[in-house]
Amino acid sequence: MLLLGLDIGGTKCAAVLAETEGDAVRFLCRREIPTVGSAADTLGALAACAEEGAAACGADLSRLAGAGISCGGPLDASRGVVLSPPNLPGWDGVPVAAFVREKFGVPARLMNDADACALAEWRWGAGRWTRHFVFLTFGTGLGAGLILNGALYEGASSDAGELGHIRLSAEGPAGYGKCGSFEGFCSGGGIARAARGVAEAIVQRGGRVAFASDGRTGGITAKSVAEAAFAGDKAAQEIFRGVGHRLGQGLAGLVDLLNPQRIALGGVFMRAEALLREEMENVLRRECLPRALAAVRIVPAQLGEQIGDYGAVTAALAAAENR
C-alpha cells in the first residue's frame, strides 16, 4: 500500500512516500525542509513537498492508504493535536492530523516521534524478536518509546516515555524546561550548551577551542564537538565522557524500572557511540541491579539515519490499518 509519512522535528522536517507489502517497505521519495516559520507555514510546506515528491517519482496520491505524522511531545495522540513541544515554539494546540486528513483525504495518525520510531525499530530494526523494548531519540531532544509485553505503551494521557523531563541533578543544563534534566545533559542541544561553557573557560585562559568554528565560542554544535573528540581533542572527549556518565545514570533507572530486553538509541548515540559507551557502561555496572543489567542489550538504532522516515511511515501504516 502507498503511505505518506511526515516527520516533524525541532531542526528539520521531512515528507516521505513509501510502499509496503507484508513486512517489506520501499521508500519512493523524500523531501526535507528546515523547521522555520509558523506551524501553518511548516505544514503547508510539508504538504507541498509531498506533492512535489509524488510528481517526481510518479506516485499517484489518489492511491494513498494512510498518512502518519511523527512529532516530539507533548501531544494528544487520540485527537491528533500537537501540544507545545519544547523544541517547537509556537506549536500550541495544532490539529496536525486533521490538517493532513483534510489535505489528502485519507486516514491520518499523529504519533509521538519516540513511539513511532520505537515501533519502527521493533518491526524492522534493533527491537525485532523482543517483547520488552525501549527506544530513545537522543537528537535535538530526548524521549523514549516503550514496547512492553509486545505492545506500544502510551500511558493515560499519551505522555509515557518523556524521559527527557526527568531530573538527574539539582543543577545542570536546562532541557525540556528543567535544569539538570536528562534532556539537558543528553541531547544535541545539551551537548552544545555544555561545550559552550567549556569553550568560555578555555578562552578565558587564553586558549583556542578545537570544536568552535572561530576557535573561540562560535558555531559550536554537538556535531562539531564529536568531530573534535574523534580527532583527539581532549576537551571535547571530556565533554562526551560527561554525557556518557549522565546517559548511564538515566539508563540505569530505566533498566531497573522496566527490565527491558533491549534498548536502542538513535541520534547522537548512533554517531558517537565510541565516545559514550565506556563511561555509560561504567555507570550502569555501578548503578543497575545485576540481573536486570544482564538481561538487557544497549545498542544503536539499527535503522540509522532513516529512522525518522521509518517512524513516520509506521504511523501511516497504523492509520491505514486503523490501529
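The values are calculated or read from the model by the stated rules, or taken from the named source; none is laboratory data. Keep in mind the model is a prediction, meaning the values are calculated, not measured. Neighbour counts are summed over all protein chains in view; Cβ atoms, including those assigned to glycine, are modelled from backbone coordinates with ideal geometry.
Taken over the range 159-212, the criterion of being in contact with a Pro (Cβ under 7 Å, 6 or more places away or on another chain) and within 17 Å of residue 236 (Cα to Cα) is satisfied by 185, 190, 193, 194.
Scanning the range 127-147 for residues that are surrounded by 24 or more Cβ atoms within 10 Å (Cβ to Cβ) and out of contact with any helix residue (DSSP H, G or I) (no Cβ under 6 Å at 6 or more places or on another chain) gives 134, 136.
Checking each residue in the range 295-323 for being surrounded by 24 or more Cβ atoms within 10 Å (Cβ to Cβ) and assigned to a loop (DSSP other than H, G, I, E, B) picks out only 301.
Of the helices (runs of 4 or more DSSP H) lying entirely inside the range 196-291, the ones with 1 or more residues being of a type in the set (A, V, I, L, M) and touching a residue at least 60 places away in the same chain (Cβ under 8 Å) are found at 234-258, 267-287. From the list 45, 65, 114, the one residue that fits, being closer than 19 Å to residue 162 by Cβ and in contact with a strand residue (DSSP E or B) (Cβ under 8 Å, 6 or more places away or on another chain), is 114.
Each row is one residue, and each column tells you yes or no for (1) of a type in the set (Val, Ile, Thr); (2) on the phi > 0 side of the Ramachandran plot; (3) at pLDDT 90 or above.
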position: 9; (1), (2), (3): no, no, no
position: 17; (1), (2), (3): no, no, yes
position: 22; (1), (2), (3): no, yes, no
position: 29; (1), (2), (3): no, no, yes
position: 33; (1), (2), (3): yes, no, yes
position: 36; (1), (2), (3): yes, no, no
position: 40; (1), (2), (3): no, no, yes
position: 44; (1), (2), (3): no, no, yes
position: 47; (1), (2), (3): no, no, yes
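Taking the criterion of being in contact with a Phe, Trp or Tyr (Cβ under 9 Å, 6 or more places away or on another chain) and assigned to a loop (DSSP other than H, G, I, E, B), the residues of the range 113-142 that qualify are 125, 126, 127, 128, 130, 138, 141, 142.
For the range 9-108, list the strands (runs of 3 or more DSSP E) that sit wholly inside it and hold at least 2 residues that are of a type in the set (Gly, Ala, Ser), assigned by TED's automatic domain parsing to the domain that holds residue 313 and over 24 Å from residue 176 (Cβ atoms); which are they? Steps first, please.
On the way: elements: 12-21, 24-34, 64-71, 81-83, 92-94.
The strands (runs of 3 or more DSSP E) meeting that bar are 12-21, 64-71.
Does any residue of the range 260-268 turn out to be on the phi > 0 side of the Ramachandran plot and surrounded by 19 or more Cβ atoms within 10 Å (Cβ to Cβ)? Yes, the range 260-268 contains a residue that is on the phi > 0 side of the Ramachandran plot and surrounded by 19 or more Cβ atoms within 10 Å (Cβ to Cβ).
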